[in-house]
1. With 72, 62 as the choices, which residue is under 17 Å from the mean Cα position of the chain (by Cα), at pLDDT 90 or above and assigned to a loop (DSSP other than H, G, I, E, B)?
2. Assess whether residue 99 counts as being crowded, with 16+ Cβ neighbours inside 10 Å, in contact (Cβ under 8 Å) with a residue 60 or more places away in the chain and within 24 Å of residue 170 (Cβ to Cβ).
3. Restricting attention to region 111-139, which residues are free of Cβ contacts under 8 Å to residues at least 40 places away in the same chain and surrounded by fewer than 19 Cβ atoms within 10 Å (Cβ to Cβ)?
4. Within region 155-171, work out how many residues are without any contact (Cβ under 8 Å) to a residue 60 or more places away in the chain and either surrounded by 21 or more Cβ atoms within 10 Å (Cβ to Cβ) or on the phi > 0 side of the Ramachandran plot (or both).
5. Return yes or no: is residue 143 crowded, with 19+ Cβ neighbours inside 10 Å, touching a strand residue (DSSP E or B) at 6+ places or on another chain (Cβ under 6 Å), at pLDDT 95 or above and outside any helix (DSSP H, G or I)?
6. I'm trying to understand the selection: among the residues of region 32-59, which are crowded, with 16+ Cβ neighbours inside 10 Å and modelled with pLDDT under 90?
């Protein structure tokens, strides 16, 4: 029966995790372990500046079976960002604050202010090939790591939602990057 494979394709969920991905020469593993839980690669994306300059590529990991729509909820997640250019720590702090401000209300921004101040103080200048990892563990908070070395952990589901909204919120750093991370185009 020739139509059976097509029927099976229609029955598959619209979102499927990818096994691994290479984008712009940078590879993201198919999965990561976080506190014993397996997070799978949902998607990857490229961030450009002024259409021409490639700033970074990123990969998003969520628990197997999660839907990308749950990304800003209180679920484990990991965002890995690989940089192509030198970016100063002060630039990261400014852009993070701006991204959070654009994706939160004034009251939300005020509530997470102390957490945000501690978090952005942990940024370091990156060079080409460096990779920041943002890993959220419900009840434990967000850990910022640089090239696999933890820099800081900040508690709070509200802070996590605000931080990840920089890339995945209503007003992301770029729509193309967001779409790629959520399993769309990359």
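1. 72
2. It is true that residue 99 is crowded, with 16+ Cβ neighbours inside 10 Å, in contact (Cβ under 8 Å) with a residue 60 or more places away in the chain and within 24 Å of residue 170 (Cβ to Cβ).
3. Across region 111-139, the qualifying residues are 113, 114, 117, 118, 121, 122, 124, 125, 139.
4. Of the residues in that region, 2 qualify.
5. So residue 143 does not fit the description; no.
6. 34, 45, 46, 47, 55, 56
The values are calculated or read from the model by the stated rules, or taken from the named source; none is laboratory data. Just so we're clear, the structure is a prediction, and the values are computed from it rather than from any experiment. FYI the Cβ positions are ideal-geometry reconstructions off the backbone, even for glycines, and counts take in every protein chain you see.
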